[in-house]
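Q: This is the structure I have questions about; it appears just below.
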Amino acid sequence: PYPEGHPLRKGLMDSLIEEGPCLAMAIRLVNGISKVADFLGHVPGLPGQHPSSRGRSAGFRSLYCGDGTSCVAVASGDVRQGLVQLACLFEEDELHWPESAVGPDALLSVDTDRSVLDSLRADAEEPPRIQTVALVKPEARQHLHKILKYVRRGRLSLTALRMVLLDDAAGGALARTSGEDSLAGRVCVAMLLDHHNAVAAWADLCGPQDPAKAKRADEFTIRAIYGTSPHCNAVHASRSYSAAQEERRLLFPLADAVKAGADAVCGGRVRHVTHKGPKTLREIVLVQLQDDEHVGVVEGLLAEEFRIVNIRTAHLSVVQAETVSQMLVHSSSGAAEFRNDRNGPCLLIAAERDNGVSRLQAALGKTGGSVFRGGGAGSLATVANRYKGCILGSESTAHSAGHVAYCFDALFESSFVLTA
């Protein structure tokens, strides 16, 4: 029905256009282009590399299509094509937001002051960012730095991170949304990730829940490499946007309330850290990182045989930042260097090992370079030199436990106990 070269014909493929009555639907969906393509499936009779044959083979078309010239349904190939097709097929007053987009329970809010086409056009130019929840399960915590590399590779922003012991309520809720076994009573690292399409982006990096299927689909996904069974598959990924929002409220209830000076843990209560049993050479240290080089610091600590017993992101007030700087930098000149610009977001790490303080200072290059692991590309000293003034660590054996007590309210699987 459209002339040769018309943008609608180009968008929906000339070879698949048929004359006659049809039903046109305008749909807005998170990750909609790929989801609709997957639902429709391949066009029977078309080669696999054909632009309209994307999606699974056993889709809607396979049930109702006889051949490639009678394909039943066609869909937009990308967002810009979809906008052109909407403008061609619909009048402005025919497009209205459904209740799911403008009601009180809307998952993805819209700007009702704009027309539907204008709003969709703005979304195409600058897609709204959404958040999803990721969990690094106990069996994969020793690979945390490698999983953080996947986060960076997928261009996901790490909004928040915390180590958490899941209770029965949290473990049961996650099991319901994911369909996996409950993680109640287990220590995981929870991450809040942000991206234009965070749910799908993180799920793609993780791969299928069964590591065996993940290896067949893509051997370089997280579960393919670090998962061992469907029950020990290294990481958790939200199944949908609504599930991600539920998990976000469960694991990061204060994510929306974080403001400057709002960290509730640092200095919130008087706490003490002591050995669980007889005193040993084991020492616990605090590391503060202001830059976003989480991967290098975590990797460097693990390379130096530290055990991370808690880790979290925090937003420090000026007073809290000054207190932490004074604790970690003994010289007055050194403390002044950090005092004025270390408030705001940072990463706090509690780690332990034998002779932990001296080992940390050597690893940071504060004692003439690391005498343990050398100054290789992956060493903590290399990271510290690259981000000078952004990494602080406990310098005093006598006070390192107090540093940890000021910044954390729990320790997990540690040789130390924290009491209020």
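Coordinate-derived values only; no laboratory data. Note that the coordinates shown come from a computational prediction; the quantities given were computed from them, not determined experimentally. Glycine also receives a Cβ, built like all others from the backbone with ideal geometry; neighbour counts cover every protein chain displayed.
Q: Under a Cβ-Cβ cut-off of 11 Å, what is the net charge of the residues other than ILE225 that fall near it, where Lys and Arg count +1 and Asp and Glu count -1?
A: Neighbour charge sum, excluding ILE225 itself: +1.
Q: Further, regarding this structure: With labels modelled as points extended 7 Å from the Cα through the Cβ direction, what inter-label distance (nm, one decimal) is found for ALA255 paired with GLU125?
A: 2.8
Q: From the square roots a ≥ b ≥ c of the eigenvalues of the alpha-carbon gyration tensor of the stretch 210-306, which class results: rounded (a/c under 1.5), prolate (a/b over b/c), or oblate?
A: Note, shape of the stretch 210-306 comes out oblate.
Q: Could you pull out the chymotrypsin sites (Phe, Trp or Tyr not before Pro) across the stretch 188-232 that fall in loop regions by DSSP (anything but H, G, I, E, B) with no more than 15 other Cβ atoms inside 10 Å?
A: Filter output for the stretch 188-232: PHE220.
Q: For the stretch 119-240, give the magnitude of the charge dipole about the Cα centre (Cβ charges: +1 Lys/Arg, -1 Asp/Glu; no others), in debye to the nearest 20.
A: Charge dipole, the stretch 119-240, about its Cα centre: 340 debye, nearest 20.
Q: Another question about this same structure. Considering the stretch 126-245, what Rg and Dmax in Å follow from its alpha-carbon atoms?
A: Rg, Dmax (Cα atoms, Å): 13.2, 41.
Q: Provide the packing ranking of 350-358, 82-90, i.e. peptides ordered by the mean count of other C-beta atoms within 10 Å per residue, highest first.
A: My ranking of the peptides, most packed first, is 350-358, 82-90.
Q: Would you mind putting 141-149, 264-272 in packing order, based on average other-beta-carbon counts within 10 Å, highest first?
A: The packing order, highest mean first, is 141-149, 264-272.
Q: For the ranges 22-35, 172-185, what's the packing order if you count other beta-carbon atoms within 10 Å of each residue, average per peptide, and put the highest first?
A: The packing order, highest mean first, is 172-185, 22-35.
Q: Once the other residues with Cβ under 14 Å from the Cβ of VAL187 are scored (Lys, Arg +1; Asp, Glu -1), what is the net sum?
A: Cβ neighbours under 14 Å give a net charge of +3.
Q: All other residues with a Cβ under 12 Å from the Cβ of ARG114 taken together, and with Lys, Arg as +1 and Asp, Glu as -1, what is their net charge?
A: Local net charge: -4.
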